[in-house]
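Engineer: Structure incoming, see below.
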Amino acid sequence: MDLIFLFLFAAHETTATVMTLTLRLLNDHPNVMAELKREHEKILKMRETKDSRVSWKEYKSMAFTHMVINEVVRVINVAPGIFRKVLKDVEIKGYTIPAGWKIMVCPALIHLDPNRYDNPYEFNPWRWEGQELHTGSKNFMAFGGGVRLCVGADFAKLQMSIFLHYMATKYTWRVIDEGDKIRIPIGVRFRKGLRIEISENE
């Protein structure tokens, strides 16, 4: 039963939440949206066939899109905690965590730490410029890290990139009502939904 609930959360709740909040953040940051639009319009111009679908080469070229995705998951911290088992005694600031104990790492404490990120509460995808965008680290663990990196991380980023490609090139939208925004243990929620007005580009 635990595994079924885990898959429901990991495969649906996380990606859907990130995509919803991406639209919300892009609405509030037109400079980010403009840069995203430039990147995806350039992809369209480079295509030999206008109506072809996103290719693997195109996906790999979406540097700014990946910067946006990393910044969204850093700011919103959709995974409240990462569970690990201590394999040997660990000393931290005079305390011992014994081998065999379970611990929970809280990514938000790292992602919003001003000692690790300048202006950590600011949504700024450019902070990822020149950095590795597809792995976890001690400073970025939105998808876990090391040998326990989320098995669906690459698929989720692919899904979000394709979603953003079509939103940036085919549609225009604006948030018209976000209702009550609340933070709960499994991320941010809009109690009455996030309502957007969307129109197809001509």
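Engineer: State the answer as a single residue: which of Pro125, Leu149, Pro30 lies farthest towards the positive end of the charge dipole of the chain, with beta carbon charges of +1 for Lys and Arg and -1 for Asp and Glu, about the Cα centre.
Structural biologist: Result: Leu149.
Engineer: Straight distance only, please: which lysines reach the Cα of Lys102 with their own Cα at less than 28 Å, same-chain residues fewer than 8 apart left out?
Structural biologist: Filter leaves Lys85, Lys88, Lys93, Lys138.
Engineer: What is the Cα coordinate range of the chain on the first, second and third principal axes, sorted by size from largest, in whole angstrom?
Structural biologist: 62, 39, 38
Engineer: Quick one: longest stretch of the chain between exposed loop chymotrypsin sites (Phe, Trp or Tyr not before Pro), exposed meaning at most 13 other C-beta atoms within 10 Å and loop per DSSP?
Structural biologist: By the stated rule (loop sites, at most 13 other Cβ atoms within 10 Å), 1-100.
Engineer: How long is the gain from Trp101 to Arg116 if the chain were fully straight, where each residue apart is worth 0.36 nm and the alpha carbon distance is subtracted?
Structural biologist: Contour length minus the Cα-Cα distance gives 2.7 nm.
Engineer: Relative to the Cα centre, what is the charge dipole magnitude of segment 1-108, using +1 at the beta carbon of each Lys and Arg, -1 at the beta carbon of each Asp and Glu, and rounding to the nearest 20 debye?
Structural biologist: 240 debye
Engineer: Report the charge-dipole magnitude of segment 55-202 in Debye, nearest 20, computed about the Cα centre from +1 at each Lys and Arg Cβ and -1 at each Asp and Glu Cβ.
Structural biologist: 640 debye
Engineer: Ok, one more. List the extent of the Cα atoms of segment 41-84 along each of their three principal axes, largest first, rounded to whole Å.
Structural biologist: Largest to smallest, the principal-axis extents are 47, 18, 14 Å.
Engineer: Please report, as a whole percent, how much of the solvent-accessible surface of the chain comes from carbon and sulfur atoms (probe radius 1.4 Å).
Structural biologist: Of all accessible area on the chain, carbon and sulfur atoms account for 58 percent.
Engineer: Rounded to the nearest 0.05, what FRET efficiency do Ile92 and His134 have when you use their Cβ-Cβ distance and R0 = 35 Å?
Structural biologist: E(calc), rounded to 0.05, equals 0.75.
Engineer: Grab the Cα-Cα distance for Lys85 and Arg53, subtract it from 0.36 nm times how many residues apart they are, and report the gain in nm with one decimal.
Structural biologist: Residue separation times 0.36 nm, minus the Cα-Cα distance, leaves 7.2 nm.
Engineer: What FRET efficiency comes out for the pair Tyr166/Met1, r = Cβ-Cβ distance, R0 = 41 Å, nearest 0.05?
Structural biologist: That gives a FRET efficiency of 0.70.
Engineer: Please work out, to two decimal places, the log10 of the ratio I(q)/I(0) at q = 0.22, 0.27 Å⁻¹ from a Debye calculation in which every Cα of segment 37-111 carries one identical scatterer.
Structural biologist: Relative scattering, expressed as log10 I(q)/I(0), comes to -0.98, -1.16.
Engineer: Moving to a separate point now. Answer with one residue from Ser199, Phe163, Ser137: the one whose Cα lies farthest towards the positive end of the charge dipole of segment 93-202, charges on Cβ with Lys, Arg +1 and Asp, Glu -1.
Structural biologist: Farthest towards the positive pole: Ser137.
The values are calculated or read from the model by the stated rules, or taken from the named source; none is laboratory data. Predicted, not measured: the structure shown is a model, and the values here were computed from it. Positions of Cβ are generated from backbone atoms using ideal geometry, with glycine treated the same way; all protein chains shown enter the neighbour counts. SASA here: full protein model, heavy atoms, side chains in, ligands and nucleic acids out. Shrake-Rupley method; radii C 1.70, N 1.55, O 1.52, S 1.80 Å.
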